[in-house]
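Trainee: Okay, handing you the structure first.
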Amino acid sequence: MLSNIDALVLARAQFGFTVAFHIIFPVFSIGLASFLAVLEGLWLATGRQVFMDLFKYWIKIFAIVFAMGVVSGLVMSYQFGTNWSVFSDKTGPVLGPLMAYEVLSAFFLEAGFLGVMLFGMRKVGPRLHFLATLAVAFGTFFSAFWILSVNSWMQTPQGYGVNAAGQFVPEDWWAIVFNPSFPYRLVHMVLAAYLTTSLVVGAVGAWHLLRDRFNIGARTMFSMAMWMAALVAPLQILAGDAHGLNTLEHQPAKVMAMEGHYESHPDGAPLILFGLPNQEAGRMDYQVSIPKLSSLILKHDLNAPLKGLDSIPRTNWPPVPVVFWSFRVMIALGMLMLLLGVVSLVARYKRRLYEWTPLHRFALAMGPAGFVAVVAGWITTEVGRQPFTVYGLLRTTESASPLSAPAVAASLTAFVVIYFAVFSMGILYILRLMAKAPQPGERGVEPGNPVRAAGITPAPSVGPGRILQPAE
Amino acid sequence: MFENVDLTVVWALIIAFAVFAYIVMDGFDLGIGILFPAFRPGPERDTAMNSVAPVWDGNETWLVLGGGGLFAVFPLAYAIIMPALYAPIIAMLLGLVFRGVAFEFRWRDPRHRALWDIAFTGGSVVATLAQGIALGALLQGIKVQGRAYAGGWWDWLSPFSVLVGIGLVCGYALLGATWLVMRTEGPLHDRARALSLRLGVATVLAIAAVSAVTPFLEGKYWQNWFAMPNVLLTTQVPLLVGIAAFFLHRTLKGGRDRWPFLISLGLFLLSFVGLGISIFPDVVPGRVTIWQAASPHSSQVFILVGASVLIPIILTYTGYAYWVFRGKVDADGYH
């Protein structure tokens, strides 16, 4: 007989697994939708064919990413109810409306215009098509806005009351939507989406530059991606720092776990670079640290006191080892992204951006770094919120559905098997598309027979100034 | 704002609208998936898929609105129903995963297209069966204690729930077949017309079977249907189903392209109204009313403000997307 605790562990594993898989797709589609809008806008403004070629090159990838994001996202929208029913009952009056706004303002917008964006160029002409692309891009952004507001409220709840049934009820919607951690989280996440996408685009450009440094499409996408990385990586570090200070103010236990501070430091806390968190004993083993640096970073004062986990009850401790390591993975990758941006600026200044192969290899290696950093950051903030679902108010142990362990074990197994099978095929198809070099007269998302003359739009016949008619 | 209106009833109607929009719009998408093996590989299947490729994603979004709306406005119902229907809901979600990715993957991998066609059909059948079973399980009653589901994780399985599941498979297949009658030409069109005739019979029989059993399930269904004076109105519903079935047959035989689809939608609307008569004003039939499950007034008002602006806009651009891709489709897609 399996106990409720096992069902809880399984439910957490299932939520963590499905959300970790899901999050990489919207992060990519938020960035890619904006990139596509920029490409199409540049094409309309300049008439340069390379922008339309790149648009058609990336829209094929976008279509696959978007489909995987939609189906894995649908799972998330029902999983609150299936596995976290007590949480749903209690937070529904506050969080439900925010999610409903996400559906109404974001999901319908992106889904409604996606068909026109993918298949409608000849039907509606370039200008209306550009509007459809913009609608999809805005849709992805609104989606991030609302879902991060929901997530932030779970981290830093405010503007609520509690009714007789034990539900959180809204008292001030403005305070709920714009809760204290929301602006920081939104900026940090949207920048992460842009940075992640620029690393992928840069890696694809670098891959093709390594094979053919004169491919105009590869040069253009690599240059655009490196501008983006050089610009956004430092901004992201600043945003992350601000977000960290905000977390220190509102969720100190999470920062203690990130820093590995089991003990309080009344006169300046050290920055622990590495160490093995020992949750049982409540101390860091084998730690390598720089004295007083943590106080300098978090309080901007070498001798400022910083409390440790010993100042709060053990029952409220987040699992330090997970948070400590995922935070370090994110930070290390962030530093590498900054380095890539800086190196690309140097190469650009020396006019060797398209020739310097070590840079291309570096950019290629950094291709998946954004996804890893996003998932690591997500783990840091979500595991750091434990042992609560609504920080300080509702415990994870009191949030789950009354399901028996075998039911959850069965569904978790199904999710793991099917997600790995389906999404690894999707990722394989994306990699295959990326392996092909961008060509002049690139084809878009065109179903049907690939060797069918009528299906290929001869590139020069599609110009921004021309209203297109259906072929026949 | 909205002080004199019972917002709970307004929201019940909005969510019912979202669910119905989902049923008819994703109904024909899923129906095409169910019927996929009946079409020849090559141009027939390509055309069938192309006829819904630009709109399926928007269609599926109504399902998210149904679930999200329930969470927002009737959180207690969401919290009770989802664990009660755990297995069918998870099966539906996984079915929709296969169905959704098949739209993209089958074009990207010609060598394994047959495999993704199977995924497209398998996903569609599983999702539809699961939706029907979920509805049947909800109608036959679920155990509730306090604010939570109190039954086991196999309670959903019964002859009645399976009957509703199979009935829905027939119904969605009918929507898909009549959609193709409307949107395609040539051999595919003829095949869809022949299928529509048989599926029409199957669907009407399924409606009749489910309707015949429902009043005998526990609960107030009998009373809702047959007590005076309701009975004067409720008996109109089966009467109209009969009339619709007659005209469906006639328009299919008579070579009409659009009417069969519209009449099939009518059949679904009548079944949906019948469902409404059976369960209103409960949201968890026989257990929880819409007023017991409702979120506070301020939650209802907050979303209603947005919904009353956004839903008309959504309907407008959804209509625009359908208009852009109007007319007969062929295997070349929209290019």
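The numbers here are math on the coordinates, done by the rules we state, and not lab data. This structure is a prediction, so every number in the text was calculated from the model and none was measured. A quick note on method: Cβ atoms are made from the backbone with ideal geometry, for glycine too, and the neighbour counts reach across all protein chains shown.
Trainee: For B:Ile243 and B:Gln145 in one chain, what is 0.36 nm times their gap in residues minus the Cα-Cα distance, to one decimal in nm?
Mentor: 31.0 nm
Trainee: How high is the FRET efficiency between A:Lys350 and A:Leu428 when r is their beta carbon distance and R₀ equals 35 Å, given to the nearest 0.05? Walk me through the numbers on the way to the answer.
Mentor: Values: r = 37 Å, r/R0 = 1.07.
Result of the calculation: an efficiency of 0.40.
Trainee: Pull up all non-local amide H partners of A:Met284: gap of 5 or more, or a different chain, and H-to-H distance under 5 Å with H placed in the peptide plane.
Mentor: Excluding prolines and chain starts, which carry no amide H, the hits are A:Tyr262, A:Asn278.
Trainee: Could you work out the longest stretch of chain B that avoids the chymotrypsin sites (Phe, Trp or Tyr not before Pro) located in DSSP loops with at most 13 other Cβ atoms within 10 Å?
Mentor: B:155-335
Trainee: A further question on this structure: What percent does the relative contact order of chain B come to when contacts are Cα pairs within less than 8 Å and at least six residues apart?
Mentor: Averaging sequence separation for qualifying contacts and normalising by length gives 25 percent for chain B.
Trainee: Where Lys and Arg each count +1 and Asp and Glu each count -1, what net charge lies around A:Thr389 among other residues with Cβ under 15 Å from its Cβ?
Mentor: +2
Trainee: Report the relative contact order of chain A, percent, no decimals, based on alpha-carbon pairs under 8 angstrom and at least 6 residues apart.
Mentor: So the answer I get is 24 percent.
Trainee: What is the sum of charges, Lys and Arg at +1 and Asp and Glu at -1, for the other residues whose Cβ falls under 12 Å from the Cβ of B:Leu188?
Mentor: Taking every Cβ under 12 Å from that of B:Leu188, the sum is +1.
Trainee: Rounded, prolate or oblate: which fits the range B:60-173, taking a ≥ b ≥ c as square roots of the Cα gyration tensor eigenvalues, rounded meaning a/c under 1.5, else prolate when a/b beats b/c?
Mentor: prolate
Trainee: Setting aside same-chain residues fewer than 8 positions from A:Lys254, which lysines have a Cα under 29 Å from its Cα?
Mentor: Cα-Cα hits under 29 Å: A:Lys90, A:Lys292, A:Lys299, A:Lys307.
Trainee: Identify the chymotrypsin sites (Phe, Trp or Tyr not before Pro) of the range A:203-275 meeting these criteria: DSSP loop state and at most 11 other C-beta atoms within 10 Å of the C-beta.
Mentor: Of the chymotrypsin sites (Phe, Trp or Tyr not before Pro), the ones in loops of the range A:203-275 whose Cβ has at most 11 other Cβ atoms within 10 Å are A:Phe214.
Trainee: Something else now. Identify all lysines with a Cα-Cα distance to A:Lys123 below 27 Å; exclude those on the same chain that are fewer than 8 residues away in sequence.
Mentor: Reachable lysines: A:Lys56, A:Lys60, B:Lys328.
Trainee: Hey, quick one: spin label on A:Leu302, modelled 7 Å out along Cα-Cβ, who in the range A:258-292 has an amide N within reach, i.e. under 18 Å?
Mentor: A:265-272, A:289-292
Trainee: Taking the dipole about the Cα centre of the protein assembly as shown, with the C-beta of Lys and Arg at +1 and of Asp and Glu at -1, give me whichever of A:Val372, A:Gln79, A:Thr413 is farthest to the positive side.
Mentor: A:Val372
Trainee: Rounding to the nearest 20 debye, state how big the charge dipole of the protein assembly as shown is about its Cα centre with +1 on each Lys and Arg Cβ and -1 on each Asp and Glu Cβ.
Mentor: Roughly 2060 debye for the protein assembly as shown.
Trainee: Follow-up question, since we're still on this one. Using a ≥ b ≥ c from the Cα gyration tensor of the range B:8-324 (square roots of the eigenvalues), is it rounded, prolate or oblate, where a/c under 1.5 gives rounded and otherwise the larger of a/b and b/c decides, a/b for prolate? Don't skip to the answer; put the middle values down first.
Mentor: Working: a/c = 1.61, a/b = 1.37, b/c = 1.17.
Cα axes put the range B:8-324 in the prolate bin.
Trainee: Still on this structure, please answer the following. For a test of the definition: using alpha carbon positions, the gyration tensor, and the 1.5 limit on a/c, classify the range B:124-233 as rounded, prolate or oblate.
Mentor: It is oblate, given that a/c is not under 1.5 and a/b is not larger than b/c.
Trainee: While we're looking at this one, here's another question. Which cross-chain or sequence-distant (5 or more) residues have an amide H under 5 Å from the amide H of B:Val288, H modelled 1.01 Å from N in plane?
Mentor: So B:Val288 has HN proximity to B:Val283.
Trainee: Let me ask something else about it. Using the 10 angstrom Cβ neighbour count as an exposure proxy, how do B:Thr214, B:Thr203 rank, fewest first?
Mentor: By the 10 Å Cβ count, ascending, the order reads B:Thr214, B:Thr203.
Trainee: Still on this structure, I have one more. In whole Å, how far is the Cα centre of the range A:296-346 from that of the range B:56-125?
Mentor: Centre-to-centre (Cα) distance: 39 Å.
Trainee: While we're looking at this one, here's another question. Determine the calculated [θ] at 222 nm for chain B from helices alone, applying -39500 (n - 2.57) to every DSSP H run no shorter than 4 residues and normalising by the residue count; nearest 500 deg cm²/dmol.
Mentor: The per-residue figure over chain B is -25500 deg cm²/dmol.
Trainee: Let me ask something else about it. Quick check for me: using +1 on Lys/Arg Cβ and -1 on Asp/Glu Cβ, what's the dipole size of the range B:8-324 about its Cα centre, in debye to the nearest 20?
Mentor: It works out to roughly 400 debye.
Trainee: Taking K and R as +1 and D and E as -1, what net charge do the other residues with C-beta under 15 Å from the C-beta of B:Ile23 add up to?
Mentor: On the way: positive: none; negative: B:Asp26, B:Asp29, B:Glu60.
That works out to -3.
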